[in-house]
Each structure stands twice: as structure tokens, then as C-alpha cells.
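> A single structure is presented below for examination.
The values are calculated or read from the model by the stated rules, or taken from the named source; none is laboratory data. The structure displayed is predicted, hence computed values, not measured ones. No Cβ is skipped: glycine too gets one built from the backbone with ideal geometry, and neighbour counts run over all protein chains shown.
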Amino acid sequence: MLVEFGKTILERLGYGVTAMISSMEAPSIFKNHPDTFVAIIPDQAIPGMTGMDLAKQMLQIRSNISVILCTGPRTLVTEEQAQSEEGLRGL
């Protein structure tokens, strides 16, 4: 439900959106078309792997992709942890 909500909002703002609920499928789709994406918005609490792990995989494919890491409870990851994580510096 949250994925569809976010997709709808971004599309109304004029963005093309590839919405996924599978953290395991997302890297292969991104790898096949890395230059068609402006940003990725992984959720830290997605099933299969963390949003930070997903972002790191995608940054290995395309190091200049913008990442907006979403998280609910601050116990999952703090801003400082995200910025100090190897491969996510400068976010």
C-alpha cells in the first residue's frame, strides 16, 4: 500500500516511477537500465535486505545515483550511521 501511495504521488509530480516491493529483484532491473533512473528510494526495513544494503549494491553499478533512504523507527538507522556507512558517504 505504501509503495503504491508513493508511486502515485511521484507520478502526479511528473516523475516516471518503477515501484518494486522486492529488494531481491530491484538490483537486476536497475543493472539492466541504470541510466534511466534519477534516484532510488529504498526503505530501510524492506524484506530480504536492508535499504542501505540495496543502495550499496546500486551504487556499485552506478556511483552517482541519488539515494533517498527511507526509514521508520530511528532504531533501524540514524542519519549519522547512513552517512558513515561505506559506499553511502555524501548522501
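> Could you check region 21-36 and list, in sequence order, the residues that are surrounded by fewer than 16 Cβ atoms within 10 Å (Cβ to Cβ) and part of a loop (DSSP other than H, G, I, E, B)?
Ile21, Ser22, Met24, Glu25, His33
> Also, I was wondering about something else. What are the pairs, 6+ residues apart or on separate chains, where a residue within region 44-65 that is surrounded by fewer than 19 Cβ atoms within 10 Å (Cβ to Cβ) has its Cβ under 6 Å from a residue that is of a type in the set (Ser, Thr, Tyr) and not in a loop (DSSP other than H, G, I, E, B)?
Taking only residues 6 or more apart or on different chains, not a single pair turns up.
> Moving to a separate point now. Do the conditions hold for Glu86, that is, is it exposed (fewer than 15 other Cβ atoms within 10 Å of the Cβ) and at pLDDT 90 or above? First the steps, then the outcome.
Numbers: exposed (fewer than 15 other Cβ atoms within 10 Å of the Cβ): yes; at pLDDT 90 or above: no.
When the stated conditions are applied, Glu86 does not pass them.
> What residue, among those in region 47-67 that are in contact with a Pro (Cβ under 7 Å, 6 or more places away or on another chain) and in a helix (DSSP H, G or I), is farthest from Ile29 (Cα to Cα)?
Checked region 47-67; the qualifying residue farthest from Ile29 (Cα to Cα) is Gly51.
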